[in-house]
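Participant: Below is one structure. I have some questions about it.
The values are calculated or read from the model by the stated rules, or taken from the named source; none is laboratory data. Treat the numbers as computed from the prediction; the structure is a model and nothing was measured. All Cβ positions, glycine included, derive from the backbone under ideal geometry; neighbour counts span all protein chains shown. We work out accessible area using only protein heavy atoms, side chains counted, and drop any ligands, DNA or RNA first. Shrake-Rupley method; radii C 1.70, N 1.55, O 1.52, S 1.80 Å.
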Amino acid sequence: GGWCATQRISAAIDVLFIDTSHDYEHTREELRVWLPHLSPKGKVMLHDTNMKRIYRRADRSLGVGWNSGRGVIRAIEDFLSMKFDEKRDFVTVAGGWIIRHWAHCNGLTVMEKYDSPACIPVRREREP
C-alpha cells in the first residue's frame, strides 16, 4: 500500500530534519518513530541541540532562547548511549552513526548512518 508502493520506489527516508518541541520526551519519541525509516545511508539533522537563554547568531547578533533542559541533545545521548559536550563543535562515531555537531547559535547536529568503518570519511591534511 501507499503512494511509494504504487510508484515502485523505496519509502526509506534519505534526509530527515527534526526541529522538535525541544522537550526531551518528545524528541526521544521522534527519534524512536522516525529513525527506523531512514535509508541505509540516511542522514538526520536536529536543530537546537545547544539551547541557551541568550545565544549569538553567525552574524554576531544576539537572540533570546530558553532553557530546554538539554532536551534535544539529551535525547540523542540516550539514543546513542553516550554523553556529548554540546557547547563545543565535534565529530565522533557511535553505534553505526557519524555524528557532527556545530555549537554556534542554538546548535545543529547531523547524524549520518554508516555500515562499516571504511565508509567513514577521513580528513587528510594538505601537503605543503
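Participant: For GLY65, state whether it is in contact with a strand residue (DSSP E or B) (Cβ under 6 Å, 6 or more places away or on another chain), surrounded by 11 or more Cβ atoms within 10 Å (Cβ to Cβ), at pLDDT below 95 and farther than 28 Å from SER10 by Cα.
Facilitator: Answer is yes for this residue.
Participant: Still on this structure: How about segment 41-61: which of its residues are open to solvent by 20 Å² or more (accessible area, probe 1.4 Å), modelled with pLDDT under 95, of a type outside the set (Phe, Trp, Tyr) and within 23 Å of PHE90 (Cα to Cα)? Steps first, please.
Facilitator: Here is the first cut: in segment 41-61, the ones open to solvent by 20 Å² or more (accessible area, probe 1.4 Å) are 41, 43, 45, 47, 51-61.
Checking which are modelled with pLDDT under 95 leaves us with 41, 47, 51-61.
Then keep just the ones that are of a type outside the set (Phe, Trp, Tyr); that gives 41, 47, 51-54, 56-61.
LYS41, HIS47, MET51, LYS52, ARG53, ILE54, ARG56, ARG57, ALA58, ASP59, ARG60, listed by residue number.
Participant: Under 7 Å by Cβ, and 6 or more places apart or on different chains, what pairs join a residue from segment 2-21 that is over 30 Å from VAL72 (Cα atoms) with one that is open to solvent by less than 90 Å² (accessible area, probe 1.4 Å)?
Facilitator: Short answer, once both residue conditions are applied: GLY2/ALA11; CYS4/SER10; CYS4/ALA11.
Participant: Kindly indicate which of MET51, MET45 is touching a Gly at 6+ places or on another chain (Cβ under 6 Å) and not hydroxyl-bearing (Ser, Thr, Tyr).
Facilitator: On the way: MET45 fails: touching a Gly at 6+ places or on another chain (Cβ under 6 Å).
Answer to the selection: MET51.
Participant: What residue, among those in segment 1-26 that are open to solvent by 80 Å² or more (accessible area, probe 1.4 Å) and hydroxyl-bearing (Ser, Thr, Tyr), is farthest from HIS37 (Cα to Cα)?
Facilitator: Taking the candidates together, the pick is THR6.
Participant: I've got another one for you. Look at segment 29-47 and say how many of its residues are part of a helix (DSSP H, G or I), more than 22 Å from ALA103 (Cβ to Cβ) and among the aliphatic types (A, V, I, L, M).
Facilitator: Keep residues of segment 29-47 that are part of a helix (DSSP H, G or I), which gives 29-37.
After this cut, where a residue has to be more than 22 Å from ALA103 (Cβ to Cβ) as well, the list is 29, 32-37.
Those left that are additionally among the aliphatic types (A, V, I, L, M): 33, 35.
Residues flagged as part of a helix (DSSP H, G or I), more than 22 Å from ALA103 (Cβ to Cβ) and among the aliphatic types (A, V, I, L, M) within segment 29-47 amount to 2.
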